[in-house]
1. When the helix-only estimate is applied to the chain (DSSP H runs of n ≥ 4, each -39,500 (n - 2.57), divided by the residue count), what is the mean residue ellipticity at 222 nm, nearest 500 deg cm²/dmol?
2. Can you list residues whose amide H is under 5 Å from ASN154's amide H, if they're 5+ apart or on another chain and H is modeled 1.01 Å from N?
3. Quick check: residue separation of GLN92 and LEU144 times 0.36 nm, minus the Cα distance between them. What number comes out in nm?
4. Post the alpha-carbon centroid distance, the range 135-168 to the range 8-36, in whole angstrom.
5. What is the Cα centroid distance between the range 229-270 and the range 45-87, reported in whole angstrom?
6. Is there a quick way to get the dipole size of the range 102-194? I mean about its Cα centre, with the Cβ of Lys and Arg at +1 and of Asp and Glu at -1; what is the value in debye to the nearest 20?
7. Cα-Cα over 22 Å: which of LYS68/LYS98; LYS2/LYS68; LYS8/LYS71; LYS50/LYS94?
8. Between GLU158 and ARG48, with labels modelled 7 Å along Cα→Cβ, what's the label distance in nm to one decimal, could you check?
Amino acid sequence: MKITIQSKAGETAFDCGENEIILHSGLGSGLTLPYECASGTCGTCRARVKLGTVEVQWREAPGYLHLKPDKGDILMCQSRPRSDCFLQVLSQVKIFEKFRPQVRHGTIENLRRLTKDLAHFMVRLSSPMSFEAGQFVLVETDGLSGGRAYSMVNFGSETDRIDLLLKRKPNGGFSEWLFAQERVGANLRIFGPLGRAAFRPEEDRDIVCIGGGSGIAGMMSILERAAQVDYFLRHRGEMFFGFRTLDDCIYLSQLARYSALAHGNLDITIVLSDEPAKTRVHVQYPMLKLASGLVHDVAVRCSGLVQDSCLTFVAGPPIMVDCAIRALIVAGVNAGSIRYDKFS
């Protein structure tokens, strides 16, 4: 079926099968359709149906809260076409060429429970995928409706393996499914890569990362990419990762390794929100600093790089992302220097 998009950049069109999600098909066709979470929670991929019929698969999606369905508003990430459609979106829709997302199948080959509510799992892909450090994929499995967004922890070009970090949430369908029993060998549907909070070494800027909880995942990918190109030989970086307690901290040995490879140009601070930091540095990993408080407050207060000349990456729970963005802007950082993908 033909989907025509009217945006501030004019009209463009793409083909979409009746079983395909409109957003996925448009992104896979190379269009810069608006989105953030791509899973129904944020409302960014809103469009207004002017002609044609669509089927909405999740009418209770949180992203519908501020839409007007009676006016024809839809979330493209929750809609499949039932005829040719003419849609209006508010942003500029253009063509991009790099790393177009597509559907792949994957198999869980390894799963490690890092804490009581965090698990790291590896997915073997049916075909190689290239992505930018900081991007994410949507993951689906049979028996559960809709996709869940997870950032890649690893980084690789044309890799057939992605590492993902999952946080167990009360009544979280996919996380409860993954934690319920041994899932090695389970089949998944993967759509990606997605996300605009990407680190590109060629941009040649100092970087700051502020991550809360499982938001550390994409930033581990950024650190791996930076290590591969020896980025911190000529640039500086500051990383602030927030956890509730010291027992909740993950990836400490990997973080210590990245610090050791950075020629003294990378500062990593672990921020504890629910207990005081008893020492200024981690006892086992003294290259990692410790602090107490909310991660975005500590980052803005302690950073020497929070300014427009650097790129700042933010990831974590939506409320933490909002607070961090506000704190950065109040501190004088231009919004164009802040990169984030808000999903939950």
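Values in this text are rule-based calculations from the coordinates and carry no lab data. Owing to the predicted nature of the structure, the values given are computational and were not obtained by experimental measurement. Here the Cβ positions follow ideal geometry from the backbone for every residue, glycine too, while neighbour counts run over all protein chains shown.
1. On the way: 6 runs with 58 residues, N = 344.
Mean residue ellipticity at 222 nm (helix-derived): -5000 deg cm²/dmol.
2. ASP163
3. Values: separation 52, 0.36 × 52 = 18.72 nm, distance 3.32 nm.
Length difference between fully extended and current span is 15.4 nm.
4. Centre-to-centre distance over Cα atoms comes out at 21 Å.
5. 42 Å
6. Values: 12 positive and 10 negative charges, 62 e Å.
Magnitude of the dipole: close to 300 debye.
7. Values: LYS68/LYS98 33 Å; LYS2/LYS68 24 Å; LYS8/LYS71 20 Å; LYS50/LYS94 20 Å.
Beyond 22 Å: LYS68/LYS98; LYS2/LYS68.
8. 4.6 nm
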